[in-house]
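Reading through the structure tokens given below for one structure.
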Amino acid sequence: VLSFIIFICYIASLAASFMMAPLLEFLLALFLFFAYASKLNEKFKGLHWPLADFLRCVSAAIIYFAISIAAVSKYSDGASKAAGVFGFVATIVYAIDFYLTFNELVTFLKQGSSDAPEGHKSE
């Protein structure tokens, strides 16, 4: 929702050249939401879904931070300032999601590495 709000703010502002980043992030988040809701992550085991979500969060936090700085410092209209402020909020939200996903990913990798030696012992 936050990405969609930022997208709308960029459309209404002078900084319309930045509108593609929030749109793509909104569509990626929507795809991952529907993938988890429809249990695609259980059907397609070849794709490591937490890693894909982790990379999306990292890239979104970096991109939102960069375009927010540019929108706030370069453009003086209200919609650009609002998009920049919402972009900074989105940076914080994606950084928190990045941290939570990273902890989940580390737990998963530790769990997988502890299971492997037991499998070799039984063989």
With Rg/Rh (Cα atoms, Kirkwood Rh) as the read-out, I listed (1) 0.96; (2) 1.15; (3) 1.11; which label goes with the value calculated from this structure? (2)
FRET efficiency for S17 and S38, Cβ-Cβ distance as r, R0 = 35 Å, nearest 0.05? 0.55
Given a 10 angstrom Cα cut-off, can you work out which residue in S38, S80, S68 is the most mobile in a GNM of the chain? S38
What is the distance in Å between the Cα centroid of segment 69-83 and that of segment 1-33? 15
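Let me check I've understood the local charge: for F54, count other residues with C-beta under 15 angstrom from its C-beta, Lys and Arg +1, Asp and Glu -1. What total comes out? Provide the component values of the computation, followed by the final result.
On the way: positive: R56; negative: E25, D53, D97, E104.
Overall, the nearby charge balance is -3.
Before anything else, pin down the relative contact order of the chain: Cα pairs under 8 Å, at least 6 apart, normalised by residue count, whole percent.
Values: 104 pairs, mean separation 36.8, N = 123.
Dividing the mean separation by the residue count of the chain yields 30 percent.
Give me the number: length gained by fully extending I5 to A66, i.e. 0.36 nm times residue separation minus the C-alpha to C-alpha distance, one decimal in nm.
So the extension gain works out to 20.2 nm.
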Keeping the other protein chains in place, figure out the carbon and sulfur percent of the accessible area of the chain, with a 1.4 Å probe. 74
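If segment 49-112 were replaced by its equivalent ellipsoid, with semi-axes equal to the square roots of 5 times the Cα gyration tensor eigenvalues, what would those be, largest first, whole Å? Can you show the working numbers first?
On the way: eigenvalues 196, 14, 9 Å².
Semi-axes, largest first: 31, 8, 7 Å.
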Accessible area per residue for the chain in Å², computed with a 1.4 Å probe and the full protein assembly in place, what is it? 64
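The values are calculated or read from the model by the stated rules, or taken from the named source; none is laboratory data. Model, not experiment: these values are computed from the prediction. When we count neighbours, we look across all protein chains shown, and the Cβ atoms used for this are built from the backbone with ideal geometry, even at glycine. For the accessible areas, the whole protein counts, side chains as well, though only heavy atoms, and no ligand, DNA or RNA atoms are used. Shrake-Rupley method; radii C 1.70, N 1.55, O 1.52, S 1.80 Å.
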